[in-house]
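Novice: There's a structure below that I have some questions on.
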Amino acid sequence: MNKIKLLAILCSSLFIANVNATSDVLYATVSPYFFAQVQAFNTQMSTDFATTQASLINSIQTNTRDITSAIGVTVTQSSAGATQVIEARKTAAQALSTAFQAIQQQDKVIDTVLDYGSTGQGYNTCNVMLGNSTLSKGSEESQKLAAKLVNNTSTGTGRLATNSDQVQKETIQRHRELFCTSEESKMGLCTESKLAGGDTNGALLFQPVALNSLEAEARRSLRGNILGAPDVAVSSSKGMTPRGQQFLFQLNRKTALQAFPAYSLASIDAANLQTIKNDKGEMRSPNQMINDVIGRYYGSEEAKKWQATMLNQSTRGLLVEMARQKGANIWLLNEDYERGLRMEGNLASLLLISTEESKSGLGANYRSLVGR
């Protein structure tokens, strides 16, 4: 056993010695070549590295220049773009301001046209103003005419007749010639008139009639018939006596008490006489002119045109029409006020007349008591 182990060890030693010897021979042979190759590879790698480094540095420098140039161009373009944007915004702001001013100016022109054109003046301005002016002037003339009409009857202020029978005869004769009725005609008293009974027809007093027409004459006679026949005049010698003085005093008082009824009747007559020429050249009475003003807003054909015009009116035009209506209302209130004054005068006269009747009864009782 030991011999076998010894033999194995001996064989192993010989093998190792042989291998070592072989290795030394191979190393001696390969070593110079290996070192030569390593040296060549090292040289090649140094050369390639230097080349690659130089190329990389050149590329980096080139790219850096390109990037720097691009950034410079971009910065320049951004600066130029910002300036252009600022200029564009400035130009746009100026254009917007100009446009806004133009719009404001246009709005002012439009407002002016609307306010002072056909849409801002109300309905038919010129004709309405002319009509209102004519109505106002006609009303003033109507009052003057009424004062004259008071004295154109047989019972005018202070008017006396020398013969009452003659006055009655003339009144009856005028009635038969101008206002004969069918009944009177049948009786053979006169020929029936085309305005039969006109001097007793109160409705004629409230109808518009032409000046100096048969209807106007009928109204004058009607007022005279209502006020009664004139009193008989007395001579100057009798007028100076106490009884004459008393008669004249009573006559004056009677005339004064009749003044308000006489003026009221004359005012109604004058208000319905066609003495005013309107814008169309037609003769109209003051009351017809009032109806025309009211009819402009209600119930007439012109009212339809007025309503159509109002649909196109601006605020100013509507305010103008409102002012006109308020003005017309105030004017009518003034007419009512004057009419109220006449009514108050008539009531005062009526009260005094009633007082006179009771006073007369009281005087009769006094005379009976004292035996006179």
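The values are calculated or read from the model by the stated rules, or taken from the named source; none is laboratory data. Note that the structure is a prediction, hence the values are computed from the model and not measured. Here the Cβ is made from the backbone with ideal geometry for all residues, glycine too, and neighbour counts use every protein chain on show. These area figures cover heavy atoms from the full protein model, side chains too; ligands, DNA and RNA do not enter into them. Shrake-Rupley method; radii C 1.70, N 1.55, O 1.52, S 1.80 Å.
Novice: Wholly within region 170-257, which helices (runs of 4 or more DSSP H) include no fewer than the required count, namely at least 2 residues that are without any contact (Cβ under 8 Å) to a residue 12 or more places away in the chain and open to solvent by less than 90 Å² (accessible area, probe 1.4 Å)?
Specialist: Once the helices (runs of 4 or more DSSP H) in region 170-257 are filtered for at least 2 residues that are without any contact (Cβ under 8 Å) to a residue 12 or more places away in the chain and open to solvent by less than 90 Å² (accessible area, probe 1.4 Å), what remains is 182-186, 236-239, 242-257.
Novice: Ok, one more. Please name all residue pairs, on different chains or six or more residues apart, with Cβ atoms under 7 Å, provided the first residue is in region 120-146 and is closer than 14 Å to Ala328 by Cβ and in contact (Cβ under 8 Å) with a residue 24 or more places away in the chain and the second residue is among the aliphatic types (A, V, I, L, M) and not in a helix (DSSP H, G or I).
Specialist: From region 120-146, the pairs are Thr134/Ile276.
Novice: On the basis of being modelled with pLDDT of 85 or more and either more than 39 Å from the chain's Cα centre (by Cα) or part of a helix (DSSP H, G or I) (or both), does Arg316 make the cut?
Specialist: no
Novice: Would you mention how many residues in region 158-169 are open to solvent by 80 Å² or more (accessible area, probe 1.4 Å), in contact (Cβ under 8 Å) with a residue 12 or more places away in the chain and assigned to a helix (DSSP H, G or I)?
Specialist: Residues in region 158-169 being open to solvent by 80 Å² or more (accessible area, probe 1.4 Å), in contact (Cβ under 8 Å) with a residue 12 or more places away in the chain and assigned to a helix (DSSP H, G or I): 1 in total.
Novice: Answer yes or no: is there a residue in region 263-270 that is in contact with a helix residue (DSSP H, G or I) (Cβ under 8 Å, 6 or more places away or on another chain), over 18 Å from Ser142 (Cα atoms) and either modelled with pLDDT of 85 or more or of a type outside the set (A, V, I, L, M) (or both).
Specialist: no
Novice: Something else now. Scan (1) at pLDDT below 85; (2) surrounded by 14 or more Cβ atoms within 10 Å (Cβ to Cβ); (3) not acidic (Asp, Glu) for the single condition Ala308 breaks and write down its number.
Specialist: (2)
Novice: Determine whether Glu321 is surrounded by 10 or more Cβ atoms within 10 Å (Cβ to Cβ), acidic (Asp, Glu) and modelled with pLDDT of 85 or more.
Specialist: No, not satisfied.
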